[in-house]
Amino acid sequence: FMNPEKILKQTFGYSSFRPGQKKVIDLILNRKNVLAVMPTGAGKSLCYQVPALMNEGVTLVISPLISLMKDQIDSLKQNGINAAALNSTTLQEEVNPILRQAYEGKIKLIYITPERLAMDYFRYQLNFLDVDLVAVDEAHCISQWGHDFRPAYRQIFEGINSLKSKPTILALTATATPAVQDDIGQQLNIPQENFIITSFARPNISFKVVNSPQNTHLYIAQYIKAHPDDAGIIYTNTRKKVESLTDYLAKKGISVGAYHGGMDAKERSQIQEAFQFDEFQVIVATNAFGMGIDKSNVRFVVHASSARNIESYYQEAGRAGRDGEESEAVMIYHPGDLHQYRYFIEESDADQKYKELQYQKLQAITDYVNTGECLQQFIVRYFGQDCPPCGKCSNCLNQGDLKDITTDAQKVIAL
Ligand code: ADP
Ligand code: MG
């Protein structure tokens with residue numbers, strides 16, 4: 001007889017569940033819809049992979065990115081589990097054989113994009129399968145209150161509801177404020193009592209805010225040289241800055257790679273893979289780099305320009321220390337970045353309500369770079385939880401120091 005612990009050990013080779021995993025799995029096995037909110041690296045995938053192997057039928061995993069699907073399927077295959085993806089890169093003649101193998105029980109997990117679930121013909125085909133579970137990964141994409149809204153996510157429930165087999169639903173996300181959690185719950189029919197929210201705190205990350213260094217490039221080069229044996233990610237906000245910073249660091253003798261959305265897909269996956277296998281020390285990237293990377297030994301994440309909102313910041317910074325080892329997340333901030341973001345919002349043709357929301361998010365990140373409180377606590381509270389002061393962020397270490405509260409940045413929103 002199979003139980004979750006046995007599968008965890010025999011199939012995945014892990015000795016115990018991480019916080020929240022067992023609770024989520026038990027609810028799913030009792031056919032309850034669940035929302036799992038767990039930080040990046042907490043092990044959300046296992047929450048549907050284990051039930052997928054225990055269920056008779058098929059599990060559909062809705063995922064926003066093809067690269068994310070590919071990583072997941074590769075690692076499942078390494079554990080001897082057969083899974084497949086259906087997305088825009090799948091050839092038409094590959095679809096039926098995949099569905100047939102699923103029908104025969106040879107494929108237990110199928111990864112799809114939300115757009116595919118919206119297709120009538122695909123829904124028709126799915127009705128030949130016994131779908132037990134639908135896992136909605138990156139579920140915050142369903143909410144306009146979230147930071148990565150994706151219209152096709154709003155049709156997911158209708159798609160699931162159209163299935164004869166009436167599957168259980170598991171929504172997963174790392175970054176959801178209470179408003180986003182409620183929105184997900186309402187749209188996917190998940191009762192509040194089945195929200196499983198593990199602590200948002202990342203106790204192995206030391207957060208640091210660096211206020212307007214005189215020479216940002218030099219600061220970063222010195223930072224990297226002070227961490228010669230550690231892998232790190234440097235985020236910046238434009239492709240041009242990625243290129244200039246990469247050149248600068250390379251000239252300083254640092255082993256560095258660049259990644260941004262302007263590079264072609266092949267180049268990007270080569271760089272990502274090279275970084276994964278420690279072929280260079282540091283990757284300089286825009287926010288195009290991230291979702292789905294599973295490099296566990298990233299020791300530092302430095303933001304060379306401020307993130308646009310706390311959600312993105314925590315997700316990006318959270319790529320440090322996924323292995324649980326001590327790591328650092330540094331945000332270098334210049335008031336000018338925040339002014340520029342405000343300008344972008346002003347100039348965009350979004351409706352007023354959406355703009356207001358973006359202003360609020362920008363205000364929160366402005367508060368973050370100016371707060372004198374514990375930085376970890378600030379972030380955790382933003383997500384509607386609480387935690388004690390971490391004792392090791394730049395604010396905890398400088399406690400008592402007076403902050404310059406007349407900086408331009410503080411006035412950025414109040415203009
Ligand atoms: P998330 O989606 O929450 O960011 P992942 O599902 O990608 O996280 O898991 C992150 C890493 O943790 C993966 O390498 C995964 O194999 C590992 N992991 C998950 N659960 C456990 C566990 N119970 N014990 C040890 N490692 C685990
Ligand atoms: Mg994940």
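Since every read-out is calculated from the coordinates, none of them should be taken as a lab result. These numbers come from a predicted model, not from an experiment. Positions of Cβ are backbone-derived with ideal geometry, glycine not excepted, and every protein chain shown enters the neighbour counts.
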Only helices counted: for the chain, with every DSSP H run of 4 or more residues adding -39500 (n - 2.57) and the sum spread over all residues, [θ] at 222 nm is -12000 deg cm²/dmol
Applying 1/(1 + (r/R0)^6) with R0 = 41 Å to the Cβ-Cβ distance of residue 10 and residue 397, what FRET efficiency is obtained, to the nearest 0.05? 0.35
Can you tell me the relative contact order of segment 52-200? Whole percent, Cα pairs under 8 Å, sequence separation 6 or more. 25
Taking the DSSP beta bridges in the chain as the whole, what percent of them are antiparallel, to the nearest 5? 0
For segment 18-162, what does the alpha-carbon gyration tensor say about shape, rounded, prolate or oblate, given a ≥ b ≥ c as the root eigenvalues, a/c under 1.5 as rounded, and a/b over b/c as prolate? rounded
For segment 1-132, averaging the sequence separation of alpha carbon pairs under 8 Å that lie six or more residues apart and dividing by its residue count, the contact order in percent is 26
Taking the chain and dividing mean pair separation by its residue count, relative contact order in percent (alpha carbons under 8 Å, at least six apart): 16
With each label point set 7 Å from Cα along the Cα-Cβ vector, what nm distance links residue 339 and residue 222? 2.5
For segment 157-199 and segment 48-122, what is the separation of their Cα centres, given in Å? 20
Over 30 Å between alpha carbons, listed pairs 225/295; 266/353; 77/392; 208/353; 22/295: 266/353; 77/392; 208/353
May I ask you to compute the full-extension gain from residue 270 to residue 381, defined as 0.36 nm times their residue separation minus their alpha-carbon distance, rounded to one decimal in nm? 36.2 nm
Those lysines that a straight Cα-Cα span of less than 23 Å connects to residue 164, excepting residues fewer than 8 apart in one chain: 32, 106, 108
In terms of the alpha carbon gyration tensor, root eigenvalues a ≥ b ≥ c, rounded if a/c is under 1.5 and otherwise prolate when a/b exceeds b/c or oblate, segment 260-338 is oblate
